[in-house]
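Worksheet: one structure, shown below.
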Amino acid sequence: LLQTEVEKTVTLTCMTDEGIDPSKQKELQWFRNGARVNLAEENRLYWSSLCVQPVTKEDNGVIFTCQLKGDA
């Protein structure tokens with residue numbers, strides 16, 4: 001649970017726990033209430049940040065999820 005205020009900026013960060021291994025590219029995906037969020041390619045490997053800017057009243061109760069691509 002993250003508390004903030006309307007009109008503020010929130011940055012969420014996600015990273016893999018296996019480190020950087022070029023032979024095993026780890027692509028991360030973000031979801032907002034189950035809907036995939038589009039990310040720049042350079043923001044998907046090994047670590048990723050998602051910026052909510054500005055926070056709005058509609059963001060209240062929203063669930064953001066980060067997971068490895070292809071990971072059930």
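A few remarks follow.
- Accessible area of the chain belonging to carbon and sulfur atoms, whole % at 1.4 Å probe: 48
- Sorting L1, L12, L50 by accessible area puts them as L1, L12, L50; the probe is 1.4 Å, largest comes first, and only protein heavy atoms count.
- Entry comment: accessible area of the chain is 77 Å² per residue, from protein heavy atoms only and a probe of 1.4 Å.
- Charged side chains reduced to their Cβ positions (Lys and Arg at +1, Asp and Glu at -1) give the chain a dipole of some 140 debye around its Cα centre.
- Of the residues W47, W30, ranked by 1.4 Å probe accessible area with the largest first, the sequence reads W47, W30.
- Cβ-isolated cysteines (cut-off 4.7 Å), the chain: C51
- Projected label points at V62 and W47, each 7 Å from Cα along the beta carbon direction, are separated by 2.4 nanometres.
The values are calculated or read from the model by the stated rules, or taken from the named source; none is laboratory data. Please read all numbers here as calculations on a predicted model, not as lab measurements. Ideal geometry is used to build each Cβ from the backbone, glycine not excepted, and the neighbour counts take in all protein chains shown. Only protein heavy atoms, including side chains, enter the accessible area calculation; ligands, DNA and RNA are left aside. Shrake-Rupley method; radii C 1.70, N 1.55, O 1.52, S 1.80 Å.
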